[in-house]
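Structure record follows, encoded as structure tokens.
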Amino acid sequence: MEIKKKFSLNLHLDSLGESYGWPKNYINDSAFSTGLIRISKILKKYNVPITVFVIGKDLENKRNVYFLKKFIGENDVEIANHSYSHFFDLGSKNYNEIYKEINQSHDIIYKKLNVAPKGFCSPTWTFSENVINVLTKLNYNYDTSNFNSLWLFPMMGKIFLNHLLNFDLSKSFKLLKRSDYFQMLRHKTNPYFVYENFNKKSKKKILEIPMPSSSKFNVPIWHTIGFMFGFNFLKKQILDHMKTKSFINYVIHPADILINRDLDNKYVNSLPRLNNNQLHNKIHNFEKILKISNDNNFSFIKMNDYFNSHIKNSIKKN
């Protein structure tokens, strides 16, 4: 019998270079050289495909491209777009600025990896009509920028404080400048076609796949939640979600598998979960999530494959 429940593992490949503020001559980025190797071992162990959301600017580093190509060659990987510069307030910018950010990243991904991405997620889940209209123009299939939960506010508050305490005022105030915080709460919790809300004249069916949560009031299903509230708490949230939902798009970051000794001490980072050397615990907690999926009959799928299956199911219903 075909297993209809799906789990998509999504890596937002937020580099240390981005975290440090793109310092000049910064080449040895552990997010690529170390993080991808550790993640690759886990993927092979559980036979899991993955969708990787890439920041275009990172691909200007030849060393990063080398390690990412190696990762792609060893695993079942889909490459998606995570913008060119990782602006925290991308959704609040005008159409032309957003187009430049997304298209520039699209072009460099194609040039360096020979892949034309079909999926997108904006930095810090900044969501707007202009983002959707740009993706429509560029013929994308899906977007995962909608953090459809009231928990967005404390999460962004925590990120704001992390950067403020490290005197990274630029990123902190970009979070304050965002104008989309209430926009996303108007939309659905389950995946839906965005043209129903925005691009009504467009025949292009872009699928919006929100951050998974049971309702707008519940904590989202996201690996970072485990570091904030404990992985036993996150496990319970996932199990509760699996009882009523047939699809989970689960987001991880390189910081989830990197530790303090992987960092460059010349620079300051604003991610508290990097400031320890408990690698065994990080690997164990990552593997625990994949085991939960296997134990509950969720099969692993890449995001664009999920898009295609969603389209087929929609045609059957009509």
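The values are calculated or read from the model by the stated rules, or taken from the named source; none is laboratory data. Since this is a predicted model, take the numbers as computed values, not measurements. Note: ideal-geometry Cβ built from the backbone for every residue, glycine included; neighbour counts use all protein chains shown. Heads up: the accessible areas ignore ligands, DNA and RNA and are worked out on the full protein's heavy atoms, side chains in. Shrake-Rupley method; radii C 1.70, N 1.55, O 1.52, S 1.80 Å.
Would you pull out the residues with amide H under 5 Å of A80's amide H, same chain only if 5 or more places away, H placed 1.01 Å from N?
Those qualifying (amide H under 5 Å, at least 5 residues apart or on another chain) are V52, F53, V54.
Just to be sure I understand the model, the point goes 7 Å from the Cα along the line to the Cβ. What's the resulting Q104 to A116 distance in nm?
It is 2.2 nm.
For E208, list long-range residues whose amide hydrogen, built 1.01 Å from N in the peptide plane, is under 5 Å from its own amide hydrogen.
D143, Y192, F193, V194
Short version: ³J(HN,Hα) in whole Hz for each residue of the range 101-117, in order, from phi by Karplus 6.51 cos²θ - 1.76 cosθ + 1.60 (θ = phi - 60°), x for Gly and Pro, what are they?
For the range 101-117, the Karplus-derived couplings read 4, 6, 5, 4, 5, 4, 5, 6, 4, 5, 5, 8, 10, 6, 10, 9, x Hz, x marking Gly and Pro.
Taking the Cα-to-Cβ direction at Y66 and at K41 and moving 7 Å from each Cα, how far apart do the two end points lie in nm?
So the two model labels end up 2.1 nm from each other.
Anything over 22 Å Cα to Cα? Flag those among K70/K137; K24/K57; K112/K282; K112/K291; K236/K312; K6/K57, in the order listed.
Distance filter (> 22 Å) returns K70/K137; K112/K282; K112/K291; K236/K312; K6/K57.
Please turn the phi angles of the range 82-92 into ³J(HN,Hα) values with the Karplus equation 6.51 cos²θ - 1.76 cosθ + 1.60 (θ = phi - 60°), one per residue in order, whole Hz, x for glycine and proline.
Per residue, the Karplus-derived 3J(HN,Hα) values read 10, 6, 7, 10, 6, 5, 5, 10, 3, x, 8 Hz.
K118: which aspartates and glutamates have alpha carbons under 14 Å from its alpha carbon, excluding same-chain residues fewer than 8 sequence positions away?
Output for K118: E78, D107, D143, E208, D305.
Please list Y110, Y46 from largest to smallest accessible area, probe radius 1.4 Å, with all protein chains kept in place.
Of Y110, Y46, the descending order of accessible area is Y110, Y46.
Work out from phi, with θ = phi - 60° and the Karplus expression 6.51 cos²θ - 1.76 cosθ + 1.60, the ³J(HN,Hα) of each residue of the range 267-279, listed in order in whole Hz, and give x for Gly and Pro.
Ordered by residue, 3J(HN,Hα) equals 10, 9, 10, 10, 10, x, 6, 7, 8, 8, 10, 8, 4 Hz.
For K45, which aspartates and glutamates qualify as cross-link partners when the Cα separation must be under 16 Å and same-chain residues fewer than eight apart are set aside?
Filter leaves E74, D76, E287, D295.
Can you pull out the chymotrypsin sites (Phe, Trp or Tyr not before Pro) in the range 212-244 whose DSSP state is coil and whose Cβ has at most 14 other Cβ atoms within 10 Å?
The qualifying sites are F217.
Per-residue accessible area for H284 at 1.4 Å probe radius, Å² rounded to 10?
90 Å²
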